[in-house]
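Structure, as structure tokens:
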Amino acid sequence: MDYVGIVLFFILGAFTGTLDNLVAYRYAKGNTLFFPKKSRCEVCKHDLTLPETLPVIGFLLHGGKCAYCDERISLKHPVLEIITGILFALLFVQYGWSITTVAGCIMMAALLMNCISDLVYGRVLNYVTYGAIVIGVLFSSFFGLGFVSALAGLSVFVVLNAFVFFFSKGSMAGGDVKVAAIIGAFAGLPGVLLTFVLSSLMGAVVGLFSLVFQRAKTKTRQFFHFSVYWVISGFIAYTYMAELINLYMSFFPNV
Ligand SMILES: [Zn+2]
């Protein structure tokens with residue numbers, strides 16, 4: 001096991017988690033990535049020092065509070081940083097030092113940026129989406145399942161989502177489709193179909209739970225947005241496609 005690689009990708013993921021939050025937040029506020037130059041406390045507007053902007057460390061430095069005004073820093077920052085770190089490390093464990101690992105990291109960074117921006121601020125970032133789709137199609141064409149598969153993945157997802165959109169009577173926003181199209185570009189047609197099956201299963205399980213626990217219903221619904229299912233399913237489909245297909249074949253060897 002290459003522990004150095006695992007640690008490096010975890011750190012890279014943690015920094016990407018910081019960037020995900022930053023980009024989602026700044027674009028939602030109408031700012032760009034490079035303006036304002038320094039990150040600041042949202043409450044007292046004090047500029048943050050370099051150590052204070054580091055992933056997880058920045059949170060722990062002053063016990064989860066702003067050093068200047070004592071305002072609590074949202075837990076979503078360190079949580080997202082740790083989750084992104086774990087996802088990147090898992091990609092490395094699966095694919096090692098390869099373009100596939102790097103492409104997977106780019107896909108997850110774009111998916112998380114859009115998912116956070118969609119969930120928290122109700123906006124999807126077009127630059128991130130189209131940039132990621134172009135990178136995804138290039139990756140698939142030269143190192144993945146091929147140009148046709150990427151294009152098919154992209155279009156199938158758009159068509160499938162148009163159906164879901166139609167049957168959900170518009171409860172799904174256009175942002176979901178954009179999040180999903182990124183997965184199509186990177187994971188190709190088989191990845192898309194797998195993502196769709198996984199996210200439907202996840203939706204069914206969560207739906208069942210929220211029926212059983214009526215009280216948690218609204219809160220669960222709010223948290224488990226479609227784009228969250230797709231980000232999780234997209235990661236699983238991209239990273240463990242071969243294993244899942246083998247598992248399926250072992251259950252249904254004649255199909
Ligand atoms: Zn402050």
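Only one of TYR27, TYR95 is modelled with pLDDT under 85 and surrounded by 13 or more Cβ atoms within 10 Å (Cβ to Cβ); which?
Among TYR27, TYR95, only TYR27 is modelled with pLDDT under 85 and surrounded by 13 or more Cβ atoms within 10 Å (Cβ to Cβ).
Scan (1) farther than 30 Å from GLY184 by Cα; (2) in contact (Cβ under 8 Å) with a residue 24 or more places away in the chain; (3) within 16 Å of the ligand (Cβ to nearest atom) for the single condition HIS46 breaks and write down its number.
(2)
Give ILE182, ILE135 a once-over and let me know the one that is within 14 Å of the chain's Cα centre (by Cα), part of a helix (DSSP H, G or I) and either modelled with pLDDT of 85 or more or not assigned by TED's automatic domain parsing to the domain that holds GLU243 (or both).
ILE182
How about the stretch 184-198: which of its residues are buried (at least 24 other Cβ atoms within 10 Å of the Cβ) and closer than 12 Å to TYR229 by Cα?
THR195
Regarding the stretch 54-71, can at least one residue be identified that is away from the ligand (no atom under 16 Å from the Cβ), on the phi < 0 side of the Ramachandran plot and surrounded by 17 or more Cβ atoms within 10 Å (Cβ to Cβ)?
Checked against the condition, which is being away from the ligand (no atom under 16 Å from the Cβ), on the phi < 0 side of the Ramachandran plot and surrounded by 17 or more Cβ atoms within 10 Å (Cβ to Cβ), the stretch 54-71 yields at least one hit.
Only residues that are in a helix (DSSP H, G or I) and exposed (fewer than 14 other Cβ atoms within 10 Å of the Cβ): list them for the stretch 138-155, please.
Listed by number, the residues that qualify are PHE142, VAL148.
Of all the residues that make up the stretch 72-86, how many are of a type in the set (S, T, N, Q) and either within 16 Å of the ligand (Cβ to nearest atom) or touching a His at 6+ places or on another chain (Cβ under 7 Å) (or both)?
1
Residues in the stretch 87-99: is at least one within 18 Å of ALA14 (Cα to Cα) and within 16 Å of the ligand (Cβ to nearest atom)?
No.
Any residue that is touching a helix residue (DSSP H, G or I) at 6+ places or on another chain (Cβ under 6 Å), over 23 Å from GLU52 (Cβ atoms), at pLDDT 95 or above and not hydrophobic (A, V, I, L, M, F, W, C) - is there at least one of those in the stretch 98-115?
yes
The values are calculated or read from the model by the stated rules, or taken from the named source; none is laboratory data. Predicted, not measured: the structure shown is a model, and the values here were computed from it. We place every Cβ from the backbone using ideal geometry, glycine too, and count neighbours over all the protein chains shown.
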